[in-house]
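Let me begin by presenting the structure, written as structure tokens, before commenting on it.
Read the figures in this text as sums done on the coordinates, not as results from a lab. Being a predicted model, the structure only gives us computed values, none of them experimental. When we count neighbours, we look across all protein chains shown, and the Cβ atoms used for this are built from the backbone with ideal geometry, even at glycine.
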Amino acid sequence: MTDSKESSLLRILIKISKITTRKYRLEKLLSSIKQELKHHFQNTKVSVMIDRAGAPVEKEELRKSVAASGIHGLAALIMKNKKKVVVNQDVAKFYKNYGIKTGRSAAKSILGLPMLHQGTVYGAIILENMKTTNAYERVDESLMTVLAAHLAAEVARDISVQENSQLTEEIRQLSLIDPLTGVANRRYFDLVLDMEIRKAKGYARQLSLAMIDVDRFRSLNARFGSNAADKLLVHVAQTLKKNVRDTDFLARYGREEFAILFPEASNEAAANVAERVRCAVEQAPIVLKGLGRKRVTISLGVVTYPSSAETLTVLLEQVGRALARAKQLGRNQVVAF
């Protein structure tokens with residue numbers, strides 16, 4: 001080992017360490033590292049095998065993998081044993097001893113290390129010198145041990161980020177989407193309503209709101225049970241969703257109540273949409289087990305900012321009054337204030 005080689009290895013380790021501290025996507029990171037290693041180790045093929053599950057390789061899986069191909073078999077062996085492999089002479093004999101098919105490999109020397117992080121194997125990194133025996137020295141092993149640890153940590157972090165991202169999305173969905181009907185829930189509605197009322201005030205625009213109540217829902221729930229009632233709510237939600245405009249915002253507001261926001265819509269325009277969805281629900285009876293075809297109707301109240309009310313509190317009070325008036329007049333109708 002020469003001073004120049006030590007210096008060269010130190011430089012590559014520093015360079016790779018800098019790469020791993022940047023916000024690279026894992027694929028780009030691996031590509032960059034492979035290029036650096038190929039540049040440093042002449043006549044060398046660089047392979048990085050990733051086990052994203054971070055799970056131990058089972059014996060049966062190892063046997064199948066070993067039998068499949070040389071490089072994958074070697075990676076499986078390294079991952080199972082969690083130990084480095086250094087073969088500087090007679091690579092073919094080494095493969096034969098472990099039952100690994102050589103495939104097209106004509107390597108003269110190999111150096112392979114497990115990617116270990118906190119006791120878990122995340123893959124293997126393998127160098128194959130295609131022209132020279134005794135190609136890898138102890139200093140190379142040291143470099144690759146540090147590098148393998150870097151890579152393992154990056155893979156672990158990448159997996160953690162993806163899992164946390166998926167979990168965050170699941171939590172977001174659970175907290176903003178009504179699990180029964182699949183439309184926005186009350187919390188989501190309140191957030192959007194607050195945002196839209198601020199926009200309406202800031203840009204001197206109109207904002208209309210419809211409150212919807214499923215007629216005689218509590219009577220049906222009491223007589224036929226919650227399962228039938230839930231199916232009816234899902235049916236109503238799907239019908240509403242199909243008949244609102246793309247710019248409208250539909251949400252489940254209470255047990256049998258729904259709400260629709262109409263950004264930048266006049267009272268007349270919102271009332272027209274409300275009448276359309278009322279008709280759509282009335283014309284789409286639901287089939288319930290034991291009840292046959294059940295006709296469903298809804299009552300709707302419609303109000304508009306700023307003509308109906310100039311504050312959010314009063315707007316909600318007014319839409320409640322409009323809905324109550326629709327029910328007092330016999331249900332299955334729209335009342336606009």
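Summary of computed values
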| item | result |
| --- | --- |
| Backbone N within segment 233-271 under 12 Å of label point (7 Å from ALA280 Cα along the Cβ vector) | 236-250 |
| GLU310 paired with MET130, simple spin-label distance in nm, labels 7 Å along Cα-to-beta-carbon | 8.0 nm |
| Gain on full stretching of the segment that runs from GLU264 to ASN88 - 0.36 nm per residue minus C-alpha separation | 55.9 nm |
| Estimated FRET transfer efficiency when R0 is 41 angstrom, pair ARG321-ARG293 (beta carbons, to 0.05) | 0.75 |
| Separation of the ARG198 and TYR98 label points, Cα + 7 Å toward Cβ, nm | 6.0 nm |
| Long pairs among LYS82/LYS108; LYS28/LYS80; LYS199/LYS327; LYS28/LYS93; LYS199/LYS294; LYS45/LYS82, criterion Cα-Cα beyond 29 Å | LYS199/LYS327; LYS28/LYS93; LYS199/LYS294 |
| log₁₀ of I(q)/I(0) at q = 0.11, 0.19 Å⁻¹ - segment 186-336, Debye sum with one point per alpha carbon | -0.40, -1.10 |
